[in-house]
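The values are calculated or read from the model by the stated rules, or taken from the named source; none is laboratory data. The model shown is predicted, which means the values in this text are computed figures rather than measured ones. All Cβ positions, glycine included, derive from the backbone under ideal geometry; neighbour counts span all protein chains shown.
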Ligand SMILES: Nc1ncnc2c1ncn2[C@@H]1O[C@H](COP(=O)(O)OP(=O)(O)OP(=O)(O)O)[C@@H](O)[C@H]1O
Ligand SMILES: [Mg+2]
């Protein structure tokens, strides 16, 4: 099956002090244009590894990624990336932080055109009144808005979000989710988002991809969301299948947790038996010698 984004047999091996370790293996997923896909899985399973490989920020060990018929071989303005924390230049204003990327991508535009693009996206994320405030003067939620505006202002073909709302309070989180969905639905930007929040995945996504535990993590299950767009939170929450899918996702995570637990128990048992071989514990007690 071909897609706007084709991730095929993606794999990543990291070098560790104990030798090479296969973290992700045979991760295959296609996204159609404008689709919103979330990645869910236990901490450390390899979600960010997949996302950074798609972003071109992390060398791919095996397989590849094709975006709009072109195989990616590094980072590019066709992919906007937003991490949990936006890493702004603290001494620059919100506007200048967004302009850093805009100036690179729209080199042929006039200074005014570039400024207007940056201001437009800051306006969209609700920072129209804070264009000239320095990053250090902005709250965490406002900084994250700048990070989102910075990514969107490049008009990427694909948006990659790594727990973008993870550090925000729940009200700001919900507000930003809705703002972002509005922009993405309008501009049909294909999106891959990592989240730990099942409800966030349900509300935002067209499909939710559940990752298995690492090492050798891969796609474990895919759930297609039945909710219509544009998404309205109350309608999604009241949808008759909302809790059905929620339960399925939680059950998947629970099952993975059990597997992880069992694997840890086995590892611990092996460690114990390696350190304390039964031959020692079962060896006959030394015979006492009378002198
Ligand atoms: N540069 C690296 N070198 C060696 N191991 C790494 C490197 N980066 C990540 N790892 C390991 O790869 C595994 C997956 O890491 P990754 O950050 O992709 O997980 P994650 O699913 O995003 O976790 P979280 O939900 O906690 O963010 C972890 O065991 C991590 O320790
Ligand atoms: Mg991560």
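Quick grid of which residues meet (1) farther than 30 Å from residue 21 by Cβ; (2) more than 17 Å from the chain's Cα centre (by Cα); (3) outside any helix (DSSP H, G or I):
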| site | (1), (2), (3) |
| --- | --- |
| 208 | no, no, yes |
| 214 | no, no, yes |
| 231 | yes, yes, yes |
| 243 | yes, yes, no |
| 252 | no, yes, no |
| 255 | no, yes, no |
| 260 | no, yes, no |
Given the condition in contact (Cβ under 8 Å) with a residue 12 or more places away in the chain and more than 30 Å from residue 258 (Cα to Cα), answer yes or no: does some residue in the stretch 192-202 qualify? no
Output for Cβ contacts, cut-off 7 Å, separation at least six or different chains, first residue in contact (Cβ under 8 Å) with a residue 24 or more places away in the chain and assigned by TED's automatic domain parsing to the domain that holds residue 162 in the stretch 44-67, second near ligand 1 (Cβ under 7 Å from one of its atoms) and assigned to a helix (DSSP H, G or I), reads 58/49
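Hey, any hits in the stretch 251-271 for a residue that's more than 30 Å from residue 62 (Cα to Cα), surrounded by 18 or more Cβ atoms within 10 Å (Cβ to Cβ) and at pLDDT 95 or above? Give the steps one after another, and end with the answer.
We begin by selecting, within the stretch 251-271, every residue more than 30 Å from residue 62 (Cα to Cα); these are 251, 265, 268-271.
Okay, now just the ones that are also surrounded by 18 or more Cβ atoms within 10 Å (Cβ to Cβ), so none.
No, the stretch 251-271 contains no residue that is more than 30 Å from residue 62 (Cα to Cα), surrounded by 18 or more Cβ atoms within 10 Å (Cβ to Cβ) and at pLDDT 95 or above.
For residue 100, state whether it is in contact with a helix residue (DSSP H, G or I) (Cβ under 9 Å, 6 or more places away or on another chain), part of a helix (DSSP H, G or I) and more than 16 Å from ligand 1 (Cβ to nearest atom). Break it down stepwise before answering.
Details: in contact with a helix residue (DSSP H, G or I) (Cβ under 9 Å, 6 or more places away or on another chain): yes; part of a helix (DSSP H, G or I): yes; more than 16 Å from ligand 1 (Cβ to nearest atom): yes.
Against the criterion (in contact with a helix residue (DSSP H, G or I) (Cβ under 9 Å, 6 or more places away or on another chain), part of a helix (DSSP H, G or I) and more than 16 Å from ligand 1 (Cβ to nearest atom)), residue 100 qualifies.
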Of 127, 154, the only residue that is crowded, with 17+ Cβ neighbours inside 10 Å, touching a strand residue (DSSP E or B) at 6+ places or on another chain (Cβ under 7 Å) and in a loop (DSSP other than H, G, I, E, B) is 154
Residues in the stretch 73-82: is at least one more than 23 Å from residue 256 (Cβ to Cβ) and within 16 Å of ligand 1 (Cβ to nearest atom)?
yes
Only unsatisfied item for residue 149, checking (1) assigned to a loop (DSSP other than H, G, I, E, B); (2) at pLDDT 95 or above, is (1)
Counted residues in the stretch 67-92 being crowded, with 21+ Cβ neighbours inside 10 Å and not in a loop (DSSP other than H, G, I, E, B) come to 5
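If only one of 184, 202 is modelled with pLDDT under 95 and in a helix (DSSP H, G or I), which one is it?
On the way: 202 fails: modelled with pLDDT under 95.
On inspection, the qualifying residue turns out to be 184.
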